[in-house]
Amino acid sequence: MSDKLLVMEGIDKSFPGVRALDHCRLELNAGEVLALVGENGAGKSTLMKILTGVYTKDAGRIIYKGEEVDISSTKVAQGLGISIIHQELNLAPHLTAAQNIFIGREFMGMGKLFVDDKVANKKAQEIFDRMNLDLDPKVKVGTLTVAKQQMVEIAKALSFESSILIMDEPTAALTDTEIEELFKIIKDLKAKGVAIVYISHRMEELKKISDRITIMRDGCYVNTVNTKDVSLDEIISMMVGRTIYHNPRGSSKNSKGEVVLEVKNLNRGKTIKDVSFKLHKGEILGFAGLMGAGRTEVARAIFGADKLESGKILIKGKEVKVRQPKDAVEHGVGYLSEDRKRYGLTISETVEENVSLACVEKFTKYGFTNFKTITQLTNDYINKLAIKTPSSRQIVKNLSGGNQQKVVIAKWLLKDCDVLIFDEPTRGIDIGAKSEIYNLLSELVQEGKSIIMISSELPEILRMSDRVIVMCEGRVTGELAIEDANQESIMKYATNREN
Ligand SMILES: Nc1ncnc2c1ncn2[C@@H]1O[C@H](COP(=O)(O)OP(=O)(O)OP(=O)(O)O)[C@@H](O)[C@H]1O
Ligand SMILES: [Mg+2]
């Protein structure tokens, strides 16, 4: 139909050993929010990368504003008014927020020889104001949290003033308040006639924000539906083609074993203030709080990634000195970072190398590394976690976002730590794989491991934890038995309100 803003049809794309897209299609109207959903590895990002000139298609047509277009580069896409917020953050850490937003099209001053930071800062500030975002345009992006970096990415995409804006999991790293702000921005854009493609694994968001939903499975187009006509269950079953079972946590919930980890009066600048807590054997201790509450900072300090100013860390009753991550690992503590790209993965190496990274010595005897066992164990985890990859030798960079996250999880599972700190473990993970991961966490605690689970998703905290610690502005503001924990009681402590 001619009134469609965009039609993609018959799109094929293969990578070595992977058929990523198989005759895929997508239609988009002006002024609508189209949700694009599918399991990890279904091909959502690939389809959007073709639309934005990151990848070239093997076959198919793209019709934009009634004419067939050849989107051969990202520049061409930008010129056409198609911009994207990528799933993986693409910012230069050594540049400021404003420089990142206007990279490649800096405002030139002084006879066009120098970048005019003043203009860039002012323009960036205007966008931040529009987003209700409290952020200094002059701050170096490398010092920002993942959530703030995500907001900079969003600001960057907004700065292009496009006709089509693609958001590839924009909320994966955001908390509820920021998501609300983002939704306001989306509604604004929509009213201006901008078409938005919205990719998310947070199913409840789809109902809230989208007009229509396109479902993909294994590189193929499945269906497009009006959001108001379908239930979430119907969408999920179109996505996965099967029913998902949630195993309840089972018997270990609430059992209190010996204290395996205790921290006393941890302090680090403004981010960690007098934090103390205990973790018991066989327990999942949930850490809730708003963005910037200090949960990641506490985890990083325990893991030795950041220096503490004062405080004690005790493992099984004995005080230990953790100066670097290596020390923590030696004491049996593992940390799965929320920022997998920076700390969790070496993306240019294979799945196998990444999975065995933290424990090669376990497979090395007399200077001889048993690669066969490593391959076998990696394959076990590929099956267990349903990691979508042609083989254990695939380069991690080539996996879809959610599958990369599963590789980090496999890495720490193989390491066999007694204490595991999971920081946003299911971020970007599809609904089926999420249940698999929940089942694995339950198994781990049943085997006697202990887990700290930091999560911004309250349903996840409530479902998985035996106990919940809530932080606000660097302090522990509340501790709740799971029976007393609910959305309200947690939010009360997270915002540190009296009642
Ligand atoms: N550059 C690449 N080289 C090889 N394979 C690739 C490459 N990019 C994507 N793939 C493969 O294509 C398939 C589709 O990946 P894609 O990233 O589009 O999935 P997705 O739907 O975005 O998943 P997720 O929800 O995990 O982000 C996956 O099997 C992935 O491993
Ligand atoms: Mg993706």
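Each value in this text was obtained by applying a stated rule to the coordinates, not by laboratory testing. Nothing here was measured: the structure is a model prediction, and the numbers come from that model. Neighbour counts are summed over all protein chains in view; Cβ atoms, including those assigned to glycine, are modelled from backbone coordinates with ideal geometry.
Projecting the Cα atoms of 282, 317, 304 onto the charge dipole of region 257-317 (Cβ charges, centred on the Cα centre) puts 304 farthest toward the positive pole. Residue-wise HN-Hα couplings along region 168-175, as the Karplus relation 6.51 cos²θ - 1.76 cosθ + 1.60 with θ = phi - 60° gives them from phi, are 8, 6, x, 9, 3, 9, 9, 9 Hz; Gly and Pro carry x.
Counting charges near residue 80 (Lys, Arg +1; Asp, Glu -1) among other residues having Cβ under 14 Å from its Cβ returns a value of -2. Each Lys and Arg Cβ is given +1 and each Asp and Glu Cβ -1; about its Cα centre, region 6-240 then shows a dipole of about 580 debye. When only alpha carbons of region 322-383 are considered, Rg and Dmax amount to 12.9, 36 Å. I need the shape label for the chain. Rule: rounded when a/c is under 1.5, else prolate if a/b > b/c, else oblate, with a, b, c from the alpha carbon gyration tensor. Cα axes put the chain in the prolate bin.
Counting 0.36 nm for each residue step from residue 349 to residue 138 and taking away their Cα separation leaves a gain of 72.6 nm. Considering only the Cα atoms of region 6-240, their convex hull presents on average a projected area of 13.4 nm². Residue by residue, region 142-151 carries 3J(HN,Hα) couplings of x, 8, 8, 6, 4, 4, 5, 4, 4, 5 Hz when phi is fed to the Karplus relation 6.51 cos²θ - 1.76 cosθ + 1.60 (θ = phi - 60°); x denotes Gly or Pro. Distance between the pseudo-spin-label points of residue 306 and residue 473 (7 Å out from Cα toward the beta carbon): 1.7 nm.
The value of relative contact order for the chain, using C-alpha pairs under 8 Å at least six residues apart, is 16 percent. Out of 215, 26, 336, whose Cα points farthest toward the positive end of the dipole of the chain (charges: +1 Lys, Arg; -1 Asp, Glu; placed on Cβ)? The Cα lying farthest towards the positive end belongs to 336. Within the shell defined by Cβ-Cβ distances under 13 Å, the residues around residue 139 carry a net charge of 0, with Lys and Arg each +1 and Asp and Glu each -1. Taking amide H positions as modeled 1.01 Å from N, with prolines and chain starts lacking one, no residue 5 or more places away or on another chain lies under 5 Å from residue 19. Taking the Cα atoms of region 409-499, the ratio Rg/Rh between the radius of gyration and the Kirkwood radius comes to 0.99.
The value of relative contact order for region 258-372, using C-alpha pairs under 8 Å at least six residues apart, is 22 percent.
For region 259-494, the Cβ-based charge dipole about the Cα centre amounts to some 680 debye (Lys, Arg positive; Asp, Glu negative; other atoms uncharged). Remark on residue 58: its backbone amide H falls under 5 Å from those of 12, 13, 14, a criterion applied only to residues 5 or more positions apart or on other chains, H modelled at 1.01 Å from N. Simple point charges give the picture: +1 on the Cβ of Lys and Arg, -1 on the Cβ of Asp and Glu, and for the chain a dipole about the Cα centre of about 1000 debye.
State the Cα centre-to-centre distance between region 53-89 and region 284-341 in whole Å. Going from one Cα centre to the other spans 43 Å. 3J(HN,Hα) along region 124-137: 4, 4, 4, 5, 4, 4, 4, 8, 6, 10, 8, 8, 7, x Hz, from the Karplus curve 6.51 cos²θ - 1.76 cosθ + 1.60 with θ = phi - 60°, whole Hz, x for Gly and Pro. Computed from label points 7 Å out along Cα-Cβ, the spacing between residue 3 and residue 487 is 3.7 nm. Placing pseudo-labels 7 Å out from each Cα toward the beta carbon at residue 72 and residue 19 gives an inter-label distance of 2.9 nm. Each Cα pair under 8 Å and six or more residues apart adds its separation to the average, and for region 259-494 the resulting relative contact order is 30 percent. Between residue 208 and residue 369, the FRET efficiency estimated from the beta carbon spacing at R0 = 56 angstrom works out to 0.65.
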